[in-house]
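Asks: Quick one: the structure is below, and I'll ask about it shortly.
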Amino acid sequence: IYAPSQYVFLVCLIGSIPTRMELVSNLLQFIVTLLGFSLSGIWYLKSRKQTYFLLTCFYGCFALGSLYWTLYLLLFSETPQVFYVSEFGWMASVIFLYILQYALSSAEERGFATRKALIALLVGVPLCVFYCTFGDILSNLLWCGMMIVVSYHAIRGLAYARTQAGAARDMRYFHIGVLCYVAAEYALWTSGCFWPGDSISSPYCWFDLLLTPCIFALLPATGKAVEG
């Protein structure tokens with residue numbers, strides 16, 4: 001039987017688990033993106049290749065967004081009420097990811113036509129309309145617009161890589177990495193519409209954890225595309 005003081009402590013501990021889980025998830029995301037920033041930065045300093053510089057910018061912007069979110073959780077034990085500080089960093093990271101896609105692709109790949117790339121629109125547009133019913137319209141339009149663009153180029157690039165051989169075929173790992181990142185983001189946002197993110201049993205919590213390895217996977221995938 002718990003004494004009153006022990007009972008209060010137990011209730012407070014259990015009540016803090018959701019916040020702690022979100023804190024752990026975001027802290028892990030910050031550490032991983034910081035590691036990606038460091039490694040890609042070292043690769044850039046050694047090779048001076050533009051692609052590694054763009055990858056460094058991608059990880060750096062994402063890490064800054066995660067850092068603000070993590071510090072806010074740590075200091076105030078709640079998610080930021082004004083989330084645009086983190087969102088600017090995360091949006092900037094997607095912009096750098098798109099520039100990286102363009103830098104890695106050849107002129108032939110960019111001119112390659114395939115109907116499979118339309119899957120990006122068929123998935124992204126309905127999801128965008130759906131998200132707009134739950135949150136800020138402008139923010140959802142920007143996020144979904146960027147995801148549609150990068151997934152469109154990734155699907156087209158993957159279809160092109162499968163028709164090639166040698167180094168051009170190694171690009172498929174990068175395109176798969178981008179698609180995994182986009183899929184994890186979509187899954188995270190969709191789960192957030194149905195389940196609150198403040199429970200350890202919530203799918204949102206686990207999709208947030210899944211996003212972290214998807215982001216880090218872009219590091220070796222880019223390295224293979226560059227060195228392939």
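The values are calculated or read from the model by the stated rules, or taken from the named source; none is laboratory data. These figures come from a predicted structure and were not determined experimentally. Don't worry about glycine lacking a Cβ; one is built from the backbone with ideal geometry, like all the others, and counts go over all protein chains shown. These area figures cover heavy atoms from the full protein model, side chains too; ligands, DNA and RNA do not enter into them. Shrake-Rupley method; radii C 1.70, N 1.55, O 1.52, S 1.80 Å.
Asks: What residue among Arg169, Arg115, Arg156 shows peak mean-square fluctuation when the chain is described by a Gaussian network model with Cα springs under 10 Å?
Replies: Residue with maximal mean-square fluctuation among Arg169, Arg115, Arg156: Arg115.
Asks: Something else about it: Quote the accessible area belonging to Thr70 in square angstrom, nearest 10, computed with a 1.4 Å probe and with ligands, DNA and RNA left uncounted.
Replies: For Thr70, solvent-accessible area is about 10 Å².
Asks: While we're looking at this one, here's another question. Can you run phi through the Karplus equation (6.51, -1.76, 1.60; θ = phi - 60°) for region 101-118 and list ³J(HN,Hα) in whole Hz, with x for Gly and Pro?
Replies: Using θ = phi - 60°, the values come out as 4, 5, 5, 7, 7, 8, 5, 5, 5, 5, x, 6, 9, 8, 6, 4, 5, 5 Hz.
Asks: Moving on. For the full complex of protein chains and a 1.4 angstrom probe, list Thr79, Thr212 by accessible area with the highest value first.
Replies: Thr79, Thr212
Asks: Also, quick follow-up: Among Val129, Val32, Val123, what's the order by accessible area (1.4 angstrom probe), most exposed first?
Replies: Per-residue accessible area, sorted high to low, gives Val129, Val123, Val32.
Asks: Still on this structure: For region 27-180, what is the accessible area per residue in Å² when the probe is 1.4 Å?
Replies: Using a 1.4 Å probe on heavy atoms only, each residue of region 27-180 averages 52 Å².
Asks: While we're on this one: Would you mind computing, in nm to one decimal, how far apart the modelled labels at Ile119 and Gln164 are, each placed 7 Å from Cα along Cα→Cβ?
Replies: So the label points at Ile119 and Gln164 sit 1.9 nm apart.
Asks: Pick the calculated Cα Rg over 2.2 N^0.38 Å for this structure from (i) 1.20; (ii) 0.93; (iii) 1.13?
Replies: Checking each listed value against the structure points to (iii).
Asks: Rounding to the nearest 10 and keeping the result within 0 to 90°, find how far the Cα-based axis of helix 218-227 lies from the longest principal axis of the chain.
Replies: 20 degrees
Asks: Protein chains only, probe 1.4 Å: how do His153, His175 rank by accessible area, largest first?
Replies: His153, His175
Asks: Next question, about the same structure. Helix 50-76 sits at what angle to the longest principal axis of the chain, using alpha carbons and giving 0 to 90 degrees rounded to 10?
Replies: Result, in degrees: 10.
Asks: In a GNM of the chain with a 10 Å cut-off on Cα contacts, which of Leu75, Leu127, Leu179 has the highest mean-square fluctuation?
Replies: Leu75
Asks: Let me ask you something else. Given R₀ = 25 Å, what would the calculated FRET efficiency be for Phe76 paired with Leu209, taking r from the Cβ atoms and rounding to 0.05?
Replies: 0.70
Asks: Could I have the simple spin-label model distance between Leu35 and Arg48, label points 7 Å from Cα toward Cβ, reported in nm to one decimal?
Replies: Result: 3.1 nm between the two label points.
Asks: Calculated from DSSP H runs of 4 or more alone, at -39500 (n - 2.57) each and per residue, what is the 222 nm mean residue ellipticity of the chain, nearest 500?
Replies: Only helices count here, giving -27500 deg cm²/dmol.
Asks: Okay, next question. Give me the percent of the accessible area of region 149-223 that comes from carbon and sulfur atoms, probe 1.4 Å, all protein chains in place.
Replies: 68 percent
Asks: Could you state the angle between the C-alpha long axis of helix 137-161 and the longest principal axis of the C-alpha atoms of the chain, as a value from 0 to 90 degrees rounded to the nearest 10?
Replies: 40 degrees
Asks: Still on this structure, I have one more. So, taking all protein chains as they sit and a 1.4 Å probe, how much accessible area belongs to Trp189, in Å² rounded to tens?
Replies: Only protein atoms counted, so the area is about 50 Å².
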